[in-house]
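Report on the following structure.
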Amino acid sequence: MKTIVLTGMMGSGKTTIGKLLSNKLNLEFFDIDTLIEEQEGIKISEIFSKHGEKHFRTIEKEIIKKIFSPTNSVISLGGGAFENTETRDFLLKNSNVIYLKTSPEQIFDRIKNNKSRPLLCDNMNIETINNIINQRKHNYETASYIINTDNKKTNEIIEEITGVLE
Ligand code: S3P
């Protein structure tokens, strides 16, 4: 089966859905944020604070390239990975990219108490989330499939994804 890549804003459920989807379809699962933390031996927030976002983006791009296989895997990207033109073009060409589209309100509800995301920790509010989505949506929307996740249970989202991939 062609590799499935999940993109979308922070808090849109990429990791949760990716894990469940890979189990259901019996595919290998890669969570890019987790792989970055394992490789670097520090949390993403520390990479941002010690080395800056640019450095994080370089590692992110390299890890995606390193682990990518065109078949039989599910890859959950970090919310900003699809902003990189080279990564985006490569993934669009070689995998089934799915955009998990979630409203700023639902994202805020899910992640408001979570301090692990450096782009939001000092500005955890609906307006900032909305601004980031607006900056990125033209790239997210290049995905092969767009799944609206608002008010849906994880199993409904998984079913929708497997439905569109058939
Ligand atoms: C980021 C999203 C995060 C993580 C980093 C930057 C972003 O991943 O890669 O904090 O730029 O949107 P999640 O989307 O898994 O939260």
Open item on the list: Quick check on residue 91: is it surrounded by fewer than 20 Cβ atoms within 10 Å (Cβ to Cβ), over 20 Å from residue 132 (Cα atoms) and of a type in the set (A, V, I, L, M)?
Closed with: no
- Just wondering, is there one or more residues in the stretch 37-47 that are of a type outside the set (D, E, K, R), closer than 18 Å to residue 119 by Cβ, in contact (Cβ under 8 Å) with a residue 60 or more places away in the chain and surrounded by fewer than 17 Cβ atoms within 10 Å (Cβ to Cβ)? yes
Would you confirm, using the coordinates I've provided, whether residue 98 is modelled with pLDDT of 95 or more, surrounded by 15 or more Cβ atoms within 10 Å (Cβ to Cβ) and within 16 Å of the ligand (Cβ to nearest atom)? yes
Over the stretch 48-86, the set of residues within 9 Å of the ligand (Cβ to nearest atom) and touching an Asp or Glu at 6+ places or on another chain (Cβ under 7 Å) is 76, 78, 81
Just one listed residue, out of 61, 115, 24, is of a type outside the set (S, T, N, Q) and modelled with pLDDT under 95, and it is 115
Picking from 75, 59, 47, the residue that is aliphatic (A, V, I, L, M) and part of a strand (DSSP E or B) would be 75
Scanning the stretch 9-43 for residues that are in a helix (DSSP H, G or I), over 14 Å from the mean Cα position of the chain (by Cα) and within 13 Å of the ligand (Cβ to nearest atom), the one farthest from residue 111 (Cα to Cα) turns out to be 40
All conditions in (1) in contact (Cβ under 8 Å) with a residue 24 or more places away in the chain; (2) polar (S, T, N, Q); (3) within 13 Å of the ligand (Cβ to nearest atom) are true of residue 144 except (3)
- request: With respect to residue 107, determine if the residue is crowded, with 18+ Cβ neighbours inside 10 Å, away from the ligand (no atom under 13 Å from the Cβ) and not in a loop (DSSP other than H, G, I, E, B).
  value: no
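Here is a yes/no grid of residues against (1) within 21 Å of residue 38 (Cβ to Cβ); (2) of a type in the set (Phe, Trp, Tyr); (3) in contact (Cβ under 8 Å) with a residue 40 or more places away in the chain:
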| residue | (1), (2), (3) |
| --- | --- |
| 67 | yes, no, no |
| 80 | yes, no, yes |
| 96 | no, no, yes |
| 116 | yes, no, yes |
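The values are calculated or read from the model by the stated rules, or taken from the named source; none is laboratory data. Note that the coordinates shown come from a computational prediction; the quantities given were computed from them, not determined experimentally. In this analysis, Cβ positions are derived from the backbone assuming ideal geometry, glycine residues included, and neighbour counts consider all displayed protein chains.
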